[in-house]
Amino acid sequence: MVAKIKSGKSLIGALNYNENKVKAGKAELIASGGYAKNYDMLSFYDKLFRLKDLAERNSRTRTNTLHISLNFDLTEKLDTGKLVNIADDYMKRIGFENQPYLIYKHFDAGHPHIHIVSTNIEAGGKRISLHNIGELKSEPARKAIEIDFGLVQASVKKNSQEQIENLKIQPLEYGKTDTKRGITNIVNAVVKSYKFTSLPELNAVLGQYKVMADKGTKESVMFNKGGLHYWALDENGKKTGVPIKASSIYNKPTLKLLEDRFRFNEYLRKPFKEKLKAKIDKVRFQVISMEMFKNDLKKADVTVIIRQNDDGRIYGISYIDTINKVIFNGSDLGKNYSAAAIFEALQYKPTGNVASSSERLPDNTGAVRAGSNQAISKSHSHTLLDDLLNPYDPNTNLSNQFGPRKKKKKRRNLNL
């Protein structure tokens, strides 16, 4: 079991969070403590006024809200009765057995969990201290409950559970899953495990899960204030739905936090640079198309991202090593791994044979249209460049290709 405690200043905010989940069919109220009526007879105002009545008895205390979530292992099948007993026991052990509280069972995550809303102001107006309540009271309560109720122990499962969570994250399906929950899980997993050094690199990874981080346009208030939103992406990679503020996501992956990570990750990813280059080197001279290049690297646990602008013009390439959780732009690995160099390698085999026209670069700028490797030849005339790129043929008389040779005049011996 994992217990997460949040203290705050808004009872109505904590209550609304859970009540809105109930309205959406993603939660239900399963019990209450310290209320005159049975839980299933309580109206919204009954729930709120009982808590506010106590909170108003101590006007000097501004932090008067306790919002707890108790999270259980994926393998545990806990019925409602057992969840209520666990919640009651937990509230007693942390010193809140005489406080009014509401217990909600949530269904919006893969693991079973409950939320508890209460206040830390007693009937006489005394404040229950929340300082270090996690370490002093919640941790001992959690460990005792795990033993008493036969739950999976969080301390034993911690490392393996983190690995499982990283493996199980799936691309966000907008409209089919809770958007905020899905974005939160994906962003936290990626930020925690991947070594990226810029926002575009982070977005290259997030894009695999249909999520993106957005600073806004340069003219926007959000950009000027250093804000950051996370968006869900549709099937075409376009932003959809309502964005989620970075500050509202658990662990708060704000731009300031990410910028600190950028600098730190520069050092963390260095040991994996040569390993990634070696994987690319094994493939890039053995294939003749971008599709083959991507597929062969995918087998080596490397994802290739072709970066393009709104007009479909390719301007870069990124490599994501999904085993070592690092991402490099091609130019960061070296000029031989840039987009232009890779397309040039795909245009011609190392033996010197000219690749088919469908695999040539579209034009001499090195930029290509997305989804197409077809050549756009500026001229069909025979050029010197064609001859230099063709394999050497000893039977070819180069002099004949450039017109008849001029006859050299013999110099007379002046006998000076």
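The values are calculated or read from the model by the stated rules, or taken from the named source; none is laboratory data. The structure presented is a predicted model; accordingly, all values stated were derived computationally and were not measured. Cβ coordinates were reconstructed from backbone atoms using ideal geometry, including for glycine residues, and neighbour counts include every protein chain displayed.
With the requirement that a residue be over 17 Å from SER7 (Cα atoms) and crowded, with 17+ Cβ neighbours inside 10 Å, what does region 40-56 give you? Lay out the reasoning, then the answer.
Filtering region 40-56 for residues over 17 Å from SER7 (Cα atoms) gives 40-47, 49-50, 53.
If the condition is that a residue be over 17 Å from SER7 (Cα atoms) and crowded, with 17+ Cβ neighbours inside 10 Å, then LEU42, LYS47, ARG50 are the ones that fit.
If you go through region 180-203, how many residues are among the hydroxyl-bearing types (Ser, Thr, Tyr), assigned to a helix (DSSP H, G or I) and within 19 Å of ASN324 (Cβ to Cβ)? Explain how you work it out, then say what you get.
Here is the first cut: in region 180-203, the residues among the hydroxyl-bearing types (Ser, Thr, Tyr) are 184, 193-194, 197-198.
Within this subset, residues satisfying the condition of being assigned to a helix (DSSP H, G or I) are 184, 193.
Pick out the ones that are also within 19 Å of ASN324 (Cβ to Cβ) and you get 193.
Selection size over region 180-203: 1.
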State yes or no: is GLY226 more than 30 Å from GLU344 (Cβ to Cβ), surrounded by 15 or more Cβ atoms within 10 Å (Cβ to Cβ) and at pLDDT below 90?
no
Count, please, the residues in region 272-300 that happen to be in contact with a helix residue (DSSP H, G or I) (Cβ under 8 Å, 6 or more places away or on another chain), within 20 Å of GLN208 (Cα to Cα) and surrounded by fewer than 18 Cβ atoms within 10 Å (Cβ to Cβ).
1
Tell me, please, whether a residue that is among the hydrophobic types (A, V, I, L, M, F, W, C), farther than 19 Å from VAL211 by Cα and either touching a residue at least 12 places away in the same chain (Cβ under 8 Å) or not assigned by TED's automatic domain parsing to the domain that holds LEU199 (or both) can be found in region 245-256.
no
Kindly list, by first and then second residue, each pair from a residue in region 333-349 that is in the same structural domain as ARG284 (by TED's automatic domain parsing) and on the phi > 0 side of the Ramachandran plot to a residue that is aromatic (Phe, Trp, Tyr) and modelled with pLDDT of 85 or more, limited to pairs with Cβ atoms under 8 Å and residues at least 6 apart or on different chains.
none
Assigned by TED's automatic domain parsing to the domain that holds ASP79, closer than 12 Å to LEU70 by Cβ and either modelled with pLDDT of 95 or more or not small (Gly, Ala, Ser) (or both), is that true of HIS131?
no
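Provide a single number: the residues in region 39-83 that are outside any loop (DSSP other than H, G, I, E, B) and either over 25 Å from GLU139 (Cα atoms) or free of Cβ contacts under 8 Å to residues at least 12 places away in the same chain (or both).
Filtering region 39-83 for residues outside any loop (DSSP other than H, G, I, E, B) gives 39-41, 44-55, 65-71, 80-83.
If we keep only those that are either over 25 Å from GLU139 (Cα atoms) or free of Cβ contacts under 8 Å to residues at least 12 places away in the same chain (or both) too, we end up with 39-41, 44-55, 81.
Of the residues in that region, 16 qualify.
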Tell me which residues, restricted to region 284-302, are of a type outside the set (Phe, Trp, Tyr), farther than 15 Å from PHE328 by Cβ and in a helix (DSSP H, G or I).
MET290, GLU291, MET292, LYS294, ASN295, ASP296, LYS298, LYS299
Quick check on this structure: which one of LYS252, LYS275, LYS256 is farther than 17 Å from ILE317 by Cβ and outside any helix (DSSP H, G or I)?
LYS252
